[in-house]
Amino acid sequence: MMIVGAAFMLLEVTRSIHGAWRVARMDPDALDYFDLTIDGFWRSFAALLVVAPFYIIFLILNYGNQAGLELPTGPVVSTEFYVAVKLVAYIIGWLAFPLIMVPISRLLDLSQNYVPYIIVWNWSNVLVMAVILPTVLLFPPAAQTGAAAKMVLMGAQIAMLFYGYLVARAGLRCKILTAVGVVVLDLLLSLLLSLMAGRLL
């Protein structure tokens with residue numbers, strides 16, 4: 001029974017990540033790859049477990065550097081403490097955004113699209129990490145002295161913001177300005193939590 005359940009979950013993970021890729025390609029049928037039920041909503045938070053190990057690698061690569069993909073930190077602390085604080089902030093942000101979107105979606109009269117959006121948003125974070133981590137591996141923060149490296153990192157950030165816009169448009173099925181506002185909200189929340197985590201370091 002456990003093997004069947006694991007196989008089912010693996011299939012859902014694979015299909016959902018593929019769906020996230022289809023969103024990036026602006027496929028109008030991208031949502032067909034996601035389980036948009038309430039059960040699929042709760043299972044979509046398993047994306048956090050998929051991303052977490054790679055995010056830890058990302059944090060280790062950024063340790064002691066003012067990375068272009070996150071806010072600079074304060075005094076130098078141990079790697080373990082740095083990773084723990086940043087990881088907790090990341091998890092809080094991941095869980096807080098869906099909560100914040102509950103009243104926002106009601107205010108915007110988009111409650112009917114809240115569940116599909118959060119499902120797509122959760123799985124889209126896997127694709128975001130799949131882009132960010134190789135970028136940081138190719139252009140480590142310590143080596144960000146050249147204009148080319150900075151341009152690549154900036155391009156990756158812009159691409160991920162645009163992808164967030166595509167996710168909002170696909171999941172919420174909302175207007176352009178609404179999607180932009182949701183992306184800005186997500187970005188501000190991430191920056192706020194990163195800043196708060198930085199004060200602990």
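The values are calculated or read from the model by the stated rules, or taken from the named source; none is laboratory data. The shown structure was predicted, so the numbers you read here are calculated from the model rather than taken from an experiment. Note that each Cβ is placed from the backbone with ideal geometry, even for glycine, and that neighbours are counted across all protein chains shown.
Cβ separations smaller than 6 Å between residues 6+ apart or across chains give no pair from region 38-56 residues that are of a type outside the set (D, E, K, R) and surrounded by fewer than 16 Cβ atoms within 10 Å (Cβ to Cβ) to residues that are outside any helix (DSSP H, G or I) and at pLDDT 95 or above.
A quick yes/no check of all residues on (1) at pLDDT 90 or above; (2) in contact with a Cys (Cβ under 8 Å, 6 or more places away or on another chain); (3) farther than 22 Å from S124 by Cα:
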| residue | (1), (2), (3) |
| --- | --- |
| G40 | yes, no, no |
| Y55 | yes, no, no |
| G74 | no, no, yes |
| E80 | no, no, yes |
| V83 | yes, no, yes |
| V88 | yes, no, no |
| L95 | yes, no, no |
| I100 | yes, no, no |
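Please work out which residue is surrounded by the most Cβ atoms within 10 Å (Cβ to Cβ), limiting yourself to region 157-177 and to residues that are farther than 17 Å from D27 by Cβ and more than 13 Å from the chain's Cα centre (by Cα). Only one residue fits best here, namely C174. Scanning region 1-38 for residues that are farther than 15 Å from N125 by Cα, at pLDDT 95 or above and part of a helix (DSSP H, G or I) yields A30, L31, D32, Y33, I38.
Residue count for region 151-201 under the criterion of being within 21 Å of D109 (Cβ to Cβ) and either in contact with a strand residue (DSSP E or B) (Cβ under 6 Å, 6 or more places away or on another chain) or free of Cβ contacts under 8 Å to residues at least 24 places away in the same chain (or both): the result is 10. Applying the set (1) surrounded by 18 or more Cβ atoms within 10 Å (Cβ to Cβ); (2) touching a residue at least 60 places away in the same chain (Cβ under 8 Å) to W21 leaves exactly one unmet item: (1). The set of residues from region 57-68 being modelled with pLDDT under 85 and either in contact with a helix residue (DSSP H, G or I) (Cβ under 6 Å, 6 or more places away or on another chain) or in a helix (DSSP H, G or I) (or both) comprises L61, N62, Y63, N65, A67, G68.
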